[in-house]
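The values are calculated or read from the model by the stated rules, or taken from the named source; none is laboratory data. Keep in mind it's a predicted model, so treat the numbers as computed, not measured. When we count neighbours, we look across all protein chains shown, and the Cβ atoms used for this are built from the backbone with ideal geometry, even at glycine.
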Amino acid sequence: MKEDEIKAVLFDFGGVIAEEGFEGGLKAIGKEEGIDPDRFFSIASELIHETGYVTGLCGEGTYWNAVRERTGITGSDSELREEVLKRFVLRPRMIAYAKTLRDRIEKIEERSLRVQRSLLCCGT
C-alpha cells in the first residue's frame, strides 16, 4: 500500500449521516419521567462511560439498569432504546453525498487503471 493511498472514508452516524438522537432522546426520557432533562442527560451520559457501554464492555441491559438504579426511571430497555433511536433521522443529503464521493473515487480508479495499462502496453 502506498503511503498516501486512501483505503476508506468513514462518516460518523449521529450528527453526520443522521441527526444526533442521543441527547434529545435522553432528555425526553428525563422529562417524561419527571426529572430535569439536563440533569438526566448528565447522569445518563456519565453512566454510559462508567458502565463501559460506550466501549462495549457491557451490554445495553446493564447500561439501562444502571440508569434506572441511579435515576429511578421505569421504562423497559426496548422503550428507552426506541425513545433514543427514533431521533436518529437519516439525512438524505449526506447519503447522496457519500454516493457521489464513491462514484467519483470509482471514476478516478478507472482512469488510473487505464493509464497503468497503457504504460504497460507501451513498455514504459
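List of remarks:
- Remark: E110 falls outside the filter, which requires a residue to be of a type outside the set (V, I, T), in a helix (DSSP H, G or I) and either modelled with pLDDT of 95 or more or on the phi > 0 side of the Ramachandran plot (or both).
Quick grid of which residues meet (1) assigned by TED's automatic domain parsing to the domain that holds A28; (2) touching a residue at least 24 places away in the same chain (Cβ under 8 Å):
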site: I43; (1), (2): yes, yes
site: E50; (1), (2): yes, no
site: G75; (1), (2): yes, yes
site: R102; (1), (2): no, no
site: I108; (1), (2): no, no
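- Residue within region 89-108 that is basic (K, R), within 19 Å of the chain's Cα centre (by Cα) and surrounded by 12 or more Cβ atoms within 10 Å (Cβ to Cβ) present: yes
- Among residues of region 5-30 that are under 20 Å from E83 (Cβ atoms), those with a beta-carbon under 6 Å from a residue that is among the acidic types (D, E) at least six positions away or on a different chain give the pairs G14/E20; G25/E83; A28/E83; I29/E83.
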